[in-house]
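Reading through the structure tokens given below for one structure.
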Amino acid sequence: MATTAAKIKEIEDEMSKTQKNKATSYHLGQLRAKLAKLKRELIAPASSGGGPGVGFDVARTGMATVGFVGFPSVGKSTLMSGLTGQDSLAAAYEFTTLTTVPGTMNVHGASIQILDLPGIIEGAKDGKGRGRQVIAVARTCQLIFIVLDVCKPLRDKALLEHELEGVGIRLNKTRPNIYIQRKDKGGIAVTNTVPLTKIDHDEIRAICSEYKMSNASIAFRSDASADDLVDVLEGNRIYIPAIYVLNKIDQISIQELDLLYKIPNSVPISSRMWLNIDELVETMWDRLKLVRVYTKPGKAPPDYSAPVVLREGRCTVGDFCDAIHKEIKNNLKYAVVYGRSARHSKGQKVGESHVLMDEDICRLFKR
């Protein structure tokens, strides 16, 4: 009996041999949906308890978690040790790290957890090596460092993206702007606010049929593809920002380094010589989208030594109160905010729903 991985390979081969045109779009739509359902079987063990797919047991600390993903011997452990001071065994041979090694670093007053994950191999998404365990942890991170060897960055980048895509991780992408409402009758009604250039109605009908959905309203609010529609129907995709860390630049020429900078979302470094690490840390901070808010007790000057760090999207005055103590919001009368979110340079009186911005100063007043 064919394994799930074998079935996936069979469908992928058929799709690669099928030329897309009006006559084949329905068939391709069915294949995409079948492929997604098979891949779901690979994702499910990684998110459930017990069995070989479960992730490494890691206690979470700090405001955000950054996971290092890469093939063996690309320098993840050396970079981890340098950033956090936490020893992660590094050596010039493969598979030095055999389990997840956690560490923490302080960036702009925020504690960031760093996870050095074991090197994965081709076929990790299918369970080879300890791939499923590594990927299970990667799915829970707020940012992923894809650590690559500069000698073969594009090849390894494509392979790692394929492994992560195969288990529902979408790197540097946003959720497709597709709204689906199931109905009792009326068939499949499709509307779109922008022209659809990547998918046609035959593919939409085929995908819906494969998911046994015969009555629904589907609104496309972006130029989405068939894969995007499948992702929305599956509902288990994880959208994570990633930085491509191009390591070992001490081994290449200036001309080659200039070419590396053309790779989107990349930062070339040398973990061994500790080159360009400052740029990597600043890029990490930008991608994590954390918000620092300084407290102002009474008439005293703001306390710049220990900011309250919030996540973008959860950074209202109410969130700020909760981060200090759960009871504060219940007794809040109003707050005075200074900084970029305030309308006036002398401060703005606001309520708990006011959205704070990075490096704002906030003074709270009780009832």
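For (1) outside any helix (DSSP H, G or I); (2) more than 27 Å from the chain's Cα centre (by Cα); (3) outside the structural domain of Leu38 (by TED's automatic domain parsing); (4) buried (at least 21 other Cβ atoms within 10 Å of the Cβ), each residue gets a yes or a no:
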{"residue": "Val167", "(1), (2), (3), (4)": "yes, no, yes, yes"}
{"residue": "Gly186", "(1), (2), (3), (4)": "yes, yes, no, no"}
{"residue": "Val190", "(1), (2), (3), (4)": "yes, yes, no, no"}
{"residue": "Thr197", "(1), (2), (3), (4)": "yes, no, no, no"}
{"residue": "Ser209", "(1), (2), (3), (4)": "no, yes, no, no"}
{"residue": "Ala219", "(1), (2), (3), (4)": "yes, no, no, no"}
{"residue": "Val245", "(1), (2), (3), (4)": "yes, no, yes, yes"}
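Screening segment 1-44 for residues that are within 24 Å of the chain's Cα centre (by Cα) and of a type in the set (A, V, I, L, M, F, W, C) and picking the one that is farthest from Ile169 (Cα to Cα) gives Ala33.
Results for (1) more than 18 Å from Gly62 (Cα to Cα); (2) modelled with pLDDT under 95, shown as yes or no for each residue.
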residue: Leu290; (1), (2): no, no
residue: Lys299; (1), (2): yes, yes
residue: Ala306; (1), (2): no, yes
residue: Leu310; (1), (2): no, no
residue: Gly318; (1), (2): yes, no
residue: Asn331; (1), (2): yes, yes
residue: Ala335; (1), (2): yes, no
residue: Ser341; (1), (2): yes, no
residue: Ser345; (1), (2): yes, yes
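Taking Phe365, is it over 30 Å from Ser77 (Cα atoms), of a type in the set (Phe, Trp, Tyr) and out of contact with any Phe, Trp or Tyr (no Cβ under 9 Å at 6 or more places or on another chain)? Taking the combined requirement at face value, the residue does not satisfy it.
Cβ-Cβ distances below 7 Å connect the following pairs, each with a first residue in segment 27-48 that is among the charged types (D, E, K, R), a second residue that is modelled with pLDDT of 90 or more and in a helix (DSSP H, G or I), and a separation of six or more residues or different chains: Arg32/Ile207; Arg32/Ala226; Arg32/Asp227; Arg32/Val230; Lys34/Ile11; Lys34/Glu210; Arg40/Glu234. A single entry from Val309, Val293 fulfils the requirement of being closer than 30 Å to Pro264 by Cβ and either part of a strand (DSSP E or B) or not assigned by TED's automatic domain parsing to the domain that holds Ile146 (or both): Val309. When segment 247-258 is limited to residues that are within 27 Å of the chain's Cα centre (by Cα) and farther than 27 Å from Ile169 by Cβ, the one that is surrounded by the fewest Cβ atoms within 10 Å (Cβ to Cβ) turns out to be Asp258. Look at (1) surrounded by 13 or more Cβ atoms within 10 Å (Cβ to Cβ); (2) farther than 16 Å from Leu290 by Cα and you find that Val355 fails only one, number (2).
Can you name every residue in segment 148-165 that is of a type in the set (A, V, I, L, M, F, W, C) and either surrounded by fewer than 15 Cβ atoms within 10 Å (Cβ to Cβ) or within 26 Å of Lys37 (Cα to Cα) (or both)? Break it down stepwise before answering.
Going through segment 148-165, the residues of a type in the set (A, V, I, L, M, F, W, C) turn out to be 148, 150-151, 154, 158-160, 164.
Residues satisfying the conditions are Cys151, Leu154, Ala158, Leu159, Leu160, Leu164.
The values are calculated or read from the model by the stated rules, or taken from the named source; none is laboratory data. On a predicted model such as this, the values are computed, not experimentally measured, just so you know. Here the Cβ is made from the backbone with ideal geometry for all residues, glycine too, and neighbour counts use every protein chain on show.
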